[in-house]
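A quick write-up on the structure given underneath.
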Amino acid sequence: MIWQAFWAVAQRDLLLAWRRKSEGLSAVFFFVVVAALFPLGIGPEMNVLRNIAPGVLWVGALLSSMLALQRLFEADYRDGTLEQMALSPVAMPLLVGAKMLAHWLVSGLPLVLLAPVLGLQFDLSGDALVTLTLALLLGTPILSLVGGVGAALTLGVRGGGVLLSLLVLPLFVPVLVFGAGAVEAQVSGLGVQAHLSILMAMLLPAVFFGPLASAFALRIALE
Amino acid sequence: MLTISNISCVRGHKPLFTPLSFSLQAGQALHLEGDNGVGKTSLLRIICGLSPADSGEVLWNGHALTRQHPEVVEAFRATLCYMGHNLSLKEDLTPIENLLFEAQVAGRSLSHEKGMDALRKMGLNSRAHLPLRVLSQGQKRRTALARLSVTAAKLWVLDEPFVALDAHSLDNLRALLANHVQQGGMLLFTSHQAVELLQTNGHAIEVQPIRLVAA
C-alpha cells in the first residue's frame, strides 16, 4: 500500500509535467541559454572558458532548478490535493518524497544529461565532463530536496518567490562549492574523490530529512 | 464512533462559535448548519485533523486524535473521506485518471472498470477521457462525487456537497448519501439548503441538524 501510493504520486506528477511541458522545459531552456551565452560573451579564449566552466554550469543548474521549485507544491495547495495527501493513511513524508523525486526527474535529470553537451562549448576534457555529470547527479537531488523544504515553508506566503530565494540560496552554497570544486579539481589534475564524497555525504541526510521537514512545513501551511 | 467534545475555534483572537459537542455513530447522518462565516468549514477541518482546535478534543472510538496516538490517527484516516471546497482534482488529468490516482494515494486499489462505472452513474461516461479543464464546474463536482461512490471510507465529511449540481445530479447525490448511511456509514456535511431527509429505494434516512452558534 505504501509503495503503491508513493509511485502513484510520482507517476501523477510526471504525467502532469508531460501534459504541461512548457513549465518543465522553461527551466531546462534557461539552463541551456545561460550556458550557451557565456562562451559567446567571453570569446574563444580556451583557457578562460575551461577555468570558468565549472562555476558557470553549476550556477546555471542551480538557478534553473530554483525556477521550478516554486511550483513544487503550489498547484496541489490550490486545488486541494495537498489536503488529501495530508489525510492519507500513508505517511505524508513518503508522499512528499515522491513529489520531490518527480520534481528531480523533470527539472534535475535533464540538466545532468545536458551538462556534458554544454560542457563541450567550454573545451572541457572527457574526464572533466564525466566528473561534471557525476557531481550534478549527486548535487541536483540535493537542490530538489533542500529546495523542497524552502518551497514548503514559503507555501501560501505573499511574495513567497523572493523569500524562497533568500531562504534556499545560502543553503545551496556548499553544494555549489563542492560540485564546481570537483570539476575544477579534475581540470587541475587533482583527485575528485573528496569532493564527490562530500556531495554524497550531503545527499544522504537530505534524502532522509528533506521529505520529513517538508511534510512538517506543509502541515503548518495547511493549518 | 466519532465524538466531538467542547471544540472551539479562534480566528484573529475572536472565537467563531460557542464550544460544541456531539457524536456521530454508524448509520447516522448529521447536517452542520450555521450562517456564513460561523466556522462550519473550520470545524470540519478540525475534525479531519487539518487544523488544530483551540480547545476541546476529537475522539475516534473513544481515543483522542492527537500526535501522541499516531496509531489512532492512522486508523481514523483510513476510514475518512473528506471533500472540501477545493475538489482535489487535477485539471490536466481526465476524470478516470483523477479517480484512479486518488484511490492509490489514499492507499486503496480501484480497477479501471469500477472507476468507469462510477463515472457512468454520474453521467460522465462520455467525458471520462477528456481533460478536466474542459468540463463545466458541475461536471467537475460530479467527478468528485464519483470518487465518493468508490471510496471504501466509512466516515464521509463533506463541505457543501450540494453546490453547483443540477436536479438530476442532486437526486443522484442524495441517493448516494442515503445508501452510504443505510449501509452503516457515517455522514457529516454542511449545507445552506434544508436537508431533513435523504431517500433511497423508497427508504428515508433522517438527517439530524447540528447548529453552530456564533460566539
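The values are calculated or read from the model by the stated rules, or taken from the named source; none is laboratory data. Given the structure is predicted, the values throughout are model-derived calculations rather than measurements. Every residue, glycine as well, gets a Cβ built from its backbone with ideal geometry; the counts of neighbours run over all protein chains shown.
Please verify whether A:Val28 is modelled with pLDDT of 90 or more, closer than 20 Å to A:Val175 by Cα, under 21 Å from the mean Cα position of the chain (by Cα) and surrounded by fewer than 23 Cβ atoms within 10 Å (Cβ to Cβ), treating the condition exactly as stated. First the steps, then the outcome.
Numbers: modelled with pLDDT of 90 or more: yes; closer than 20 Å to A:Val175 by Cα: yes; under 21 Å from the mean Cα position of the chain (by Cα): yes; surrounded by fewer than 23 Cβ atoms within 10 Å (Cβ to Cβ): yes.
Here the answer is yes, as A:Val28 does meet what is asked.
Looking at region B:49-66, is at least one residue closer than 14 Å to A:Gly80 by Cα and touching a strand residue (DSSP E or B) at 6+ places or on another chain (Cβ under 9 Å)? Checked region B:49-66: at least one residue is closer than 14 Å to A:Gly80 by Cα and touching a strand residue (DSSP E or B) at 6+ places or on another chain (Cβ under 9 Å).
Among the residues of region B:116-139, the one identified as crowded, with 20+ Cβ neighbours inside 10 Å and either basic (Lys, Arg) or within 16 Å of the chain's Cα centre (by Cα) (or both) is B:Arg127. For the criterion of being under 19 Å from A:Leu62 (Cβ atoms) and surrounded by fewer than 23 Cβ atoms within 10 Å (Cβ to Cβ), A:Leu113 passes. The residues in region A:145-154 that are more than 14 Å from the chain's Cα centre (by Cα) and either part of a helix (DSSP H, G or I) or at pLDDT below 90 (or both) can be counted, and the count is 2. Of the residues in region A:46-60, none is more than 19 Å from A:Ala213 (Cα to Cα), modelled with pLDDT of 90 or more and within 14 Å of chain B (Cβ to nearest Cβ). Please state which of the following conditions B:Ala53 fails to meet, knowing it meets all the rest: (1) within 23 Å of B:Ser23 (Cβ to Cβ); (2) in a helix (DSSP H, G or I). In the conditions (1) within 23 Å of B:Ser23 (Cβ to Cβ); (2) in a helix (DSSP H, G or I), B:Ala53 misses (2) alone.
Every condition in (1) over 24 Å from B:Asp159 (Cβ atoms); (2) β-branched (Val, Ile, Thr); (3) not in a helix (DSSP H, G or I) holds for A:Val106 except the one numbered (3). Does B:Arg11 satisfy the condition of being among the basic types (Lys, Arg), within 16 Å of B:Arg77 (Cα to Cα) and within 14 Å of chain A (Cβ to nearest Cβ)? So B:Arg11 does not fit the description; no.
Give the residues of region B:70-93 that are more than 7 Å from every other protein chain (Cβ to nearest Cβ) and either exposed (fewer than 14 other Cβ atoms within 10 Å of the Cβ) or in contact with a strand residue (DSSP E or B) (Cβ under 6 Å, 6 or more places away or on another chain) (or both), sorted by residue number. Passing the criteria: B:Pro70, B:Glu71, B:Val72, B:Phe76, B:Thr79, B:Cys81, B:Met83, B:His85.
The residues of region B:19-32 that are within 17 Å of B:Asn6 (Cα to Cα) and either surrounded by fewer than 18 Cβ atoms within 10 Å (Cβ to Cβ) or not assigned by TED's automatic domain parsing to the domain that holds B:Asp54 (or both), listed by number, are B:Pro19, B:Ser21, B:Phe22, B:Ser23. The one condition from (1) buried (at least 24 other Cβ atoms within 10 Å of the Cβ); (2) within 30 Å of B:Cys48 (Cβ to Cβ); (3) among the polar types (S, T, N, Q) that A:Thr131 does not meet is (2). Could you please let me know if B:Ala215 is touching a residue at least 60 places away in the same chain (Cβ under 8 Å), among the hydrophobic types (A, V, I, L, M, F, W, C) and not assigned by TED's automatic domain parsing to the domain that holds B:Gly12? No, not satisfied. Taken over region B:58-84, residues that are in a loop (DSSP other than H, G, I, E, B), out of contact with any Asp or Glu (no Cβ under 6 Å at 6 or more places or on another chain) and touching a residue at least 12 places away in the same chain (Cβ under 8 Å) amount to 4. Of everything in region B:99-116, what is at the interface with chain A (Cβ under 9 Å from one of its Cβ atoms) and either closer than 22 Å to B:Val134 by Cβ or part of a helix (DSSP H, G or I) (or both)? Give them in sequence order. Correct list: B:Leu100, B:Phe101, B:Glu102, B:Ala103, B:Gln104, B:Val105. Residues that are over 28 Å from B:Arg147 (Cα atoms), of a type in the set (D, E, K, R) and either within 14 Å of chain A (Cβ to nearest Cβ) or touching a Gly at 6+ places or on another chain (Cβ under 9 Å) (or both) do occur in region B:51-62, at least one of them.
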